[in-house]
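The structure appears below as structure tokens.
The values are calculated or read from the model by the stated rules, or taken from the named source; none is laboratory data. This structure is a prediction, so every number in the text was calculated from the model and none was measured. As a convention, Cβ positions derive from the backbone with ideal geometry for all residues, glycine included, and neighbour counts pool all protein chains shown. Areas reflect the complete protein model, heavy atoms only, side chains present, ligands, DNA and RNA absent. Shrake-Rupley method; radii C 1.70, N 1.55, O 1.52, S 1.80 Å.
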Amino acid sequence: MRLEILLTALLFFGGTCLTGYTVRRLLKLKKEGILFSIVLGAMCWWALMELILVPMTMKFASFSSFVTIYSAAVAALSLPGLTCWREIREDLRALIGNWRQYLTLGHLVALLLIVFELWFLHHHMYLEWDDTYYVNLANVAISSDRIYWVYPETGTLADFDKRYVLSLWPIFYAWLSKIFGVAATVMAHTILPWLMIPLAYMVYVLIGKRLFEDDTQLQGMFLAFAILIHLFMSGEHTTGLTFLTITPWVGKGVLAAIVIPTLFYWILRAVCDGGAKNWILLGLTGLAGCLTSSMGIMLTPLFVGLTVLLLALQKKDLRYLVYGILSCLPCILLGLYYIRLTH
């Protein structure tokens, strides 16, 4: 199993990193770093999956055809990143050259807490009752070669559940399972946490750098405090904080722990740096959130809309509101389609 975890992590982090460099070149984003590229690449992968998966599900396409098409699309996004080897080399040199500034007490505590969280989840697994539906959805997709034709709790042929048809997050780890020949249950419970937990804290690293740009001590303290909150400050097993610690394979947990903080990060960049690039990335992340949970279709416009409204009022500039609404268009369109499906 260690080999499967390593290979999946190499595919995910290596592929998303290359995708991030591809998109960075297209948008002319320079000197952003390795972690930025991985987070950006992950959002692009999930947004791309949503674009491909929704129409294929509606057309009752086979799961194997989806695997082929999505794998080709991911490869088309990732392989051009190999031509960005100069940028990759510069970012690696900058990371290695500045390693001493990350030896703060906060960063060391954060690293220990992340190791503890991964160890705890690996050895003390929590089984969520939703697994009978969501994880089984991935199992059924692989065994039946049908994306959403078979009801996952009974195994009978049925019309797809309209509440979830636009947000089929389990198909993401079903795709990984198909590639590596691992059961979807094992992929979700054993392997996926090694991807989602590090990715979540990469987002917090980026937020800390943006909030405390000139103070690495505060960056480390911010990261450590964020991890402590996820570990010990929830008190309820269905909150967004708890999901990352005990069930990081659940789509709504990925939305709460990764996608929404990433939205916050893009808004920070848009406010500080301006430019259309950050609003484009905000829209991509919103679309990625729609894949993780149907709540993402609603929460993304709500979160972004309220934030940009306050910004527009504070800065007395309606452009923030207009750009925010435009970045939420994918979510708004999916929301309208959801209403049409359910009524």
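Is segment 34-123 rounded, prolate or oblate when judged by the Cα gyration tensor, a ≥ b ≥ c being the square roots of its eigenvalues, rounded requiring a/c under 1.5 and prolate requiring a/b larger than b/c?
Details: a/c = 3.72, a/b = 1.63, b/c = 2.28.
The shape class here is oblate.
Hey, could you grab the Kirkwood Rh for segment 250-343? Inverse mean 1/r over distinct alpha carbon pairs, Å, one decimal. Each step should come with its number before you reach the end.
Working: mean 1/r = 0.0757 Å⁻¹.
When all Cα pairs of segment 250-343 are included, the Kirkwood radius is 13.2 Å.
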Once fully extended, how much extra length lies between residue 319 and residue 62, figured as 0.36 nm per residue of separation less the alpha-carbon to alpha-carbon distance?
88.2 nm
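Accessible area per residue, 1.4 Å probe, Å², for segment 207-343: what's the number?
On the way: 6390 Å² over 137 residues.
Value for segment 207-343: 47 Å² per residue.
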Working only with C-alpha atoms, what are the Rg and Dmax values of the chain, expressed in angstrom?
19.6, 58
Which links in 30/316; 30/315; 31/277; 277/315; 162/252 stretch past 25 Å when you go from one Cα to the other?
30/316; 30/315
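Is segment 1-41 rounded, prolate or oblate when judged by the Cα gyration tensor, a ≥ b ≥ c being the square roots of its eigenvalues, rounded requiring a/c under 1.5 and prolate requiring a/b larger than b/c? Please list the in-between numbers first.
On the way: a/c = 4.78, a/b = 2.97, b/c = 1.61.
Prolate shape, in that a/c is at least 1.5 and a/b is the bigger ratio.
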Debye, to nearest 20: dipole size of the chain, +1 on Lys, Arg Cβ, -1 on Asp, Glu Cβ:
1060
Mean Kyte-Doolittle hydropathy of 1.0 or higher plus an axial Cα length of 18 Å or more: which whole DSSP H helices in the chain meet both?
2-27, 34-58, 63-78, 105-123, 193-211, 216-232, 260-273, 276-292, 294-315, 329-342
Can you compute the FRET efficiency between residue 31 and residue 108 using 1/(1 + (r/R0)^6), with r the Cβ-Cβ distance and R0 = 25 Å? Round to the nearest 0.05.
0.45
Per residue, how much accessible area does segment 85-141 show when a 1.4 Å probe rolls over the protein heavy atoms, in square angstrom?
66
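Roughly to the nearest percent, how much of the accessible area of the chain is carbon and sulfur, given a 1.4 Å probe?
Solvent-exposed carbon and sulfur of the chain make up 69 percent of the total.
From the helices alone, meaning DSSP H stretches of at least four residues, give me the mean residue ellipticity at 222 nm for the chain, per-run term -39500 (n - 2.57), in deg cm²/dmol to the nearest 500. Please list the in-between numbers first.
Details: 16 runs with 244 residues, N = 343.
Calculated at 222 nm, the ellipticity per residue is -23500 deg cm²/dmol.
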Once amide H atoms are placed 1.01 Å from N in the peptide plane, what residues at a sequence separation of 5 or more from residue 62, or on another chain, have their amide H within under 5 Å of its amide H?
none
Percent breakdown of C-alpha pair distances by 10 Å bin, ordered from the shortest bin, for segment 179-305
13, 38, 36, 12, 1
